[in-house]
Amino acid sequence: MSPPTGDTFHQAGVGEPDGLDRLWTPHRMAYIQGENKPVDASAGECPFCRIPSLGDAEGLVVRRGQTAYAVLNLYPYSPGHLMVCPYRHVADYTDTTDAEAVEIATLTRAAMRTIRAVSGAHGFNLGTNQGADAGAGIAAHLHQHVVPRWAGDQNFMPIIGRTKTLPELLSDTRALLAEAWKDS
Ligand SMILES: [Zn+2]
């Protein structure tokens, strides 16, 4: 994509704010305008339900399956941090149908392969926070995090500056992963 023309770049998307500021190194003044957290647990307030109705680039959707989809996290812990979730507004992993559980696993596997192919990630953290008390920012809609890791990626910056440095804009990352994605 072309660089934003103004000082502020508005990016729709979904994620869980963590209080960390982020430096967007390609365009120093490009900031992410965050989603507000849902006011209640209903599907109408749910960003994970809303995102699939947006275009891929607008919503940062990387891959759409039959029952589940993969979307970049608007507040990534590392470049390529995405989430795999069912289209259905279900909170708990045990509420998934067999088809959803299988497709969440299949998309997670493909996401790892894709991220590895394009970025050479050294490792991954995979996981779901089940319930607000377990750390889920948007607890009402199940989402599995896929967080690529590199040796030395957690340096002093998040601790000292409460800032993470990210080498790519999210829209560039999304396009890269969507282009490279292979289902097998
Ligand atoms: Zn939802």
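Name every residue in segment 101-152 that is open to solvent by 60 Å² or more (accessible area, probe 1.4 Å) and small (Gly, Ala, Ser), in order of residue number.
Ala117, Ala132, Ala151, Gly152
Could you please find all residues in segment 76-100 being hydrophobic (A, V, I, L, M, F, W, C) and either more than 16 Å from the ligand (Cβ to nearest atom) or surrounded by fewer than 15 Cβ atoms within 10 Å (Cβ to Cβ) (or both)?
Leu82, Ala99
Looking at segment 39-66 only, could you name the residues that are part of a loop (DSSP other than H, G, I, E, B), within 15 Å of the ligand (Cβ to nearest atom) and among the hydrophobic types (A, V, I, L, M, F, W, C)?
Val39, Ala41, Cys46, Leu54
Determine the pairs where a residue that is under 16 Å from Leu74 (Cβ atoms) and at pLDDT below 95, located within segment 38-57, has a partner that is among the acidic types (Asp, Glu) and more than 9 Å from the ligand (Cβ to nearest atom) with Cβ atoms under 7 Å apart, the partner being 6 or more residues away or on another chain.
These pairs meet every condition: Pro47/Glu35.
Within segment 103-120, identify whether any single residue is in a loop (DSSP other than H, G, I, E, B) and closer than 26 Å to Ala12 by Cα, and answer yes or no. It would help to see each step written out before you state the result.
To start, the set of residues in segment 103-120 that are in a loop (DSSP other than H, G, I, E, B) comprises 120.
Remaining after also requiring closer than 26 Å to Ala12 by Cα: none.
No, that holds for no residue.
Just wondering, is there one or more residues in segment 67-75 that are hydrophobic (A, V, I, L, M, F, W, C), modelled with pLDDT under 85 and away from the ligand (no atom under 16 Å from the Cβ)?
No, that holds for no residue.
The values are calculated or read from the model by the stated rules, or taken from the named source; none is laboratory data. Values in this document were obtained by computation on a predicted structure and should not be read as measured data. All Cβ positions, glycine included, derive from the backbone under ideal geometry; neighbour counts span all protein chains shown. Quick note on the areas: whole protein, heavy atoms, side chains included, nothing else; ligands and nucleic acids left out. Shrake-Rupley method; radii C 1.70, N 1.55, O 1.52, S 1.80 Å.
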